[in-house]
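Input: a single structure, listed below in structure tokens.
The values are calculated or read from the model by the stated rules, or taken from the named source; none is laboratory data. Bear in mind that the values here come from a model prediction, so they are computed numbers and not experimental data. All Cβ positions, glycine included, derive from the backbone under ideal geometry; neighbour counts span all protein chains shown.
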Amino acid sequence: MKSRAITFLIVLAVAVISVAVSYFIATGTIIIGPLIILGVFGFFIVSAIVYDFSIGVYILFLMGTFMFYVARIITTPIPFGIFYDALVVITFAGIFLNIKQQKDWTSFNNVFTFFFIVITAYQILQLFNPNAVSISGWLVSMRNNTSLLLYIIFFQLFIAIKNIKSFTVLWLGIAFIVALYGIYQEMFGLTGFEWRWIYEAPGRFELFFVWGTMRKFSFLSDPAAYGMFLSFSCLALIALAFGPYKLHWKFIFIAASIIVFIAMLYSGTRTATAMVAIGLLFLILLNINSTKVILFSMVIVFAGGIVFFGPFYSPEIIRLRSTFTPSEDASMGVRDYKRLRWQYYIQRHPIGGGLMTTGLSGQAYSPGHPLAGDWDPDSGYLATALELGWIGLIIFISFFAIVMIKGINNQFLIMDPLLRNLNLVYTVPFFALSVGHFTQHAMFSRPANLIVIATYALLIRLPQFDRLKTDKFV
């Protein structure tokens with residue numbers, strides 16, 4: 001009888017809710033229906049994340065990849081950024097709300113955590129920066145600053161090696177899909193809503209149309225983010241090919257890396273090409289004693305010589321060659337001019353001009369600030385130096401250097417072949433992206449920013465797994 005009463009109450013509640021929803025959809029405005037549907041989906045998503053916070057991580061990655069594509073299809077503005085940040089907070093809360101899920105704080109007291117606390121505290125203190133002109137810019141920046149929460153999320157997600165494997169498969173699988181759609185855009189052209197989006201903003205067409213062809217961007221925010229994400233992923237696929245896997249998987253990784261590299265070229269982003277070259281050099285140096293790596297490097301040099309000196313003159317090949325002649329590149333000259341132009345400001349402002357004060361973001365949130373204007377610093381390091389000063393720049397560069405030192409140490413100290421290969425898969429792309437940050441906002445573009453933060457947690461966890469040698473984390 002008790003179970004029948006519960007069933008009756010559930011059916012009654014569903015019936016009442018259905019009638020209420022139908023009434024509001026029929027009598028309300030056109031936006032009521034989508035809002036109700038969104039609310040229902042939101043309820044189930046939140047419930048799923050509370051049950052297993054790893055679901056939130058996977059949704060975040062998918063959202064960070066495809067939300068720009070959805071925004072191009074739907075003309076009504078949707079605050080995806082706010083939803084994304086809210087999802088980070090919900091996923092973070094899910095760690096603590098489900099007390100049954102296994103958690104482990106071993107090794108959380110480490111140098112990476114220390115740097116995250118220092119960076120977060122420094123950004124909070126920017127509220128009192130006398131050079132800032134607006135509190136709203138600081139508030140928006142702090143709302144977007146979810147790195148510490150994401151670091152804690154990944155630290156708990158990577159409590160098991162199987163979770164690292166699952167996240168890596170998701171990352172590279174999505175990267176391959178992004179690459180295929182980029183190739184589709186190259187072969188069949190852009191869709192109508194993509195052309196509409198390009199012409200919506202003044203100057204976007206001129207920025208995307210170079211060397212007589214349109215730069216591709218796939219599902220991502222722009223060609224630069226697309227190119228760097230694929231460059232990042234291409235290096236990871238190449239690193240996987242040197243892991244302890246069966247031969248057919250190695251062929252799959254190499255084939256996938258070639259496809260991703262070709263798709264990357266359609267972005268027209270020279271930074272992405274440079275990242276691949278720098279990453280490959282770093283990978284070779286880390287494995288200089290390996291015969292397989294030496295043979296691989298010989299093949300790469302031979303193939304590069306054919307591409308660079310061969311009789312090939314497509315826009316992609318010409319742009320690729322121009323990557324290695326920066327003195328002849330007009331865009332590099334513009335970037336050098338910006339750095340020289342703002343050197344005096346950086347030297348005289350050790351704590352910077354304040355958050356959200358540079359370029360277009362400065363126009364939106366800090367109008368009237370000396371750094372605000374219709375320009376882009378391009379370089380992520382330059383933007384950091386302008387907004388956080390040379391003190392903030394030193395903090396960030398020191399952090400990236402410590403991460404690289406940790407990754408290199410892991411590569412020589414970890415004994416397990418699988419763990420050592422996973423270390424390589426994340427360390428090599430991270431190094432390339434940190435170099436690419438010199439000419440682009442590479443480290444903080446979506447969805448690559450999630451992999452960057454995942455790298456911090458992974459580099460701490462891998463030696464822990466290697467030492468324990470038990471089934472506890474497997």
| query | Do we find that ALA372 is touching a Ser or Thr at 6+ places or on another chain (Cβ under 8 Å), modelled with pLDDT of 85 or more and on the phi < 0 side of the Ramachandran plot in this structure? | reply | no
Scanning the stretch 220-249 residue by residue, those small (Gly, Ala, Ser) and under 15 Å from MET264 (Cα atoms) turn out to be SER221, ALA224, ALA225, GLY227, SER231, SER233, ALA236
- Scanning for something exposed (fewer than 15 other Cβ atoms within 10 Å of the Cβ), among the β-branched types (Val, Ile, Thr), at pLDDT below 85 and farther than 17 Å from ASN287 by Cβ, does the stretch 203-226 turn up at least one residue? yes
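Please return the ranges of helices (runs of 4 or more DSSP H) entirely within the stretch 182-264 where 2 or more residues are more than 24 Å from the chain's Cα centre (by Cα), under 30 Å from TRP375 (Cβ atoms) and not basic (Lys, Arg). It would help to see each step written out before you state the result.
Working: elements: 192-200, 204-208, 223-240.
Fully inside the stretch 182-264 and qualifying: 192-200, 204-208.
Give the stretch 106-118 a look and list any residue that's free of Cβ contacts under 8 Å to residues at least 12 places away in the same chain and either charged (D, E, K, R) or within 15 Å of GLN156 (Cα to Cα) (or both), or say none. Please lay out each step first, then the result.
From the stretch 106-118, those free of Cβ contacts under 8 Å to residues at least 12 places away in the same chain are 109, 114; that's our starting set.
If the condition is that a residue be free of Cβ contacts under 8 Å to residues at least 12 places away in the same chain and either charged (D, E, K, R) or within 15 Å of GLN156 (Cα to Cα) (or both), then ASN109 is the only one that fits.
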Restricting the stretch 419-474 to residues that are modelled with pLDDT under 80 and among the hydrophobic types (A, V, I, L, M, F, W, C), the one farthest from the chain's Cα centre (by Cα) turns out to be LEU468
In the set ILE17, ILE90, the lone residue that is on the phi < 0 side of the Ramachandran plot and modelled with pLDDT under 85 is ILE17
Looking across the stretch 395-418 at residues that are over 18 Å from PHE242 (Cβ atoms) and polar (S, T, N, Q), the single one that is nearest to the chain's Cα centre (by Cα) is SER398
Checked pairs for the stretch 408-436, first within 21 Å of PHE154 (Cα to Cα), second of a type in the set (Gly, Ala, Ser) and modelled with pLDDT of 90 or more, C-beta under 6 Å and 6 or more apart or across chains, list as LEU424/ALA239; VAL425/ALA236; VAL425/ALA239; THR427/GLY407; VAL428/ALA239; PRO429/ALA236
Looking across the stretch 124-150 at residues that are buried (at least 20 other Cβ atoms within 10 Å of the Cβ) and modelled with pLDDT of 85 or more, the single one that is nearest to THR455 (Cα to Cα) is LEU150
